[in-house]
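A.B. asks: Take a look at the following structure, please.
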Amino acid sequence: MGTILIGLGELAVTRTPGDTIRTLGLGSCIAVVLSHAPTGAVGMVHVVLPESSTNLQKARDLPGYFADTGIDALLGRMNETTHSTGRYLVKLAGGAAVLSNANGTLTDTMNIGKRNILAVKKALWKKGLGSIAEDVGGDSSRSVSIEQGQSAVEIRLGSVVVKTL
């Protein structure tokens, strides 16, 4: 019972009453959050980059690091925990444009946040899933949390809750 803090490329799933899964400082990264009402299970992955093909060894060691392997890994853990293969509510947060070129302006080629959003949605779509709520894009970092047994996802800027999905 407590807070499960996940970092870059990590994921967690819980159905223990009183647990909260949290990730901090999502810039261009994406938090993919799943909840399963019948069991109260919740899960989250902190996706850093869109495609595992850029580093296959890292994808094997830390599948949550990439959108394509992270979605598969999270769904696998949720399926094991819930003894189910569906009925998950999906929510997304992050994907901010936080990288700029030497002139200080954002560029599409460097916009990892936008690429992460698209890659996560594509990976979910391939599994027949889509998000029901999102707080993506923009230019601010966010922190995200979900409590076991809940479907509400808290979005924080610093220590202030600014949105609930």
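No value in this document is a laboratory result; all are computed from the given coordinates. This structure is a prediction, so every number in the text was calculated from the model and none was measured. FYI the Cβ positions are ideal-geometry reconstructions off the backbone, even for glycines, and counts take in every protein chain you see.
A.B. asks: Whole-Hz ³J(HN,Hα) for each residue in the range 45-55, computed from phi via Karplus 6.51 cos²θ - 1.76 cosθ + 1.60 with θ = phi - 60°, x for glycine and proline: what do you get?
C.D. replies: 10, 9, 7, 9, 10, x, 10, 6, 4, 6, 7
A.B. asks: So, one more: For labels at Thr85 and Asp139 in the simple 7 Å Cα→Cβ model, what's the distance in nm?
C.D. replies: 4.6
A.B. asks: If you rank Ser141, Ser84 by fewest surrounding Cβ atoms within 10 Å, what's the result?
C.D. replies: Lowest to highest Cβ neighbour count: Ser84, Ser141.
A.B. asks: On to the next question. Expressed as a rounded percentage, what relative contact order does the chain have, with Cα pairs under 8 Å and six or more residues apart? Intermediate values should be presented prior to the final figure.
C.D. replies: Details: 419 pairs, mean separation 45.9, N = 165.
Result for the chain is 28 percent.
A.B. asks: On to the next question. For the range 9-39, list residues with backbone N below 19 Å from a point placed 7 Å from the Cα of Lys127 toward its Cβ?
C.D. replies: Flagged as within label range: 9-16, 21-23, 29-39.
A.B. asks: Separate question: Helix 112-126 against the longest principal axis of the chain: what's the angle in degrees, Cα atoms only, rounded to the nearest 10?
C.D. replies: Helix 112-126 sits roughly 40 degrees off the main axis of the chain.
A.B. asks: Can you sort Leu124, Leu24 by how many other beta carbons sit within 10 Å, fewest first?
C.D. replies: The fewest-first ordering by Cβ neighbours comes to Leu24, Leu124.
A.B. asks: Can I ask one more? Of Val161, Val47, Val13, Val90, how do they rank once you tally other Cβ atoms within 10 Å and put the fewest first?
C.D. replies: Result, fewest neighbours first: Val161, Val90, Val13, Val47.
A.B. asks: Oh, and also: If one takes the longest principal axis of the Cα atoms in the chain, at what angle in degrees, from 0 to 90 and to the nearest 10, does the Cα axis of helix 67-82 lie?
C.D. replies: 10
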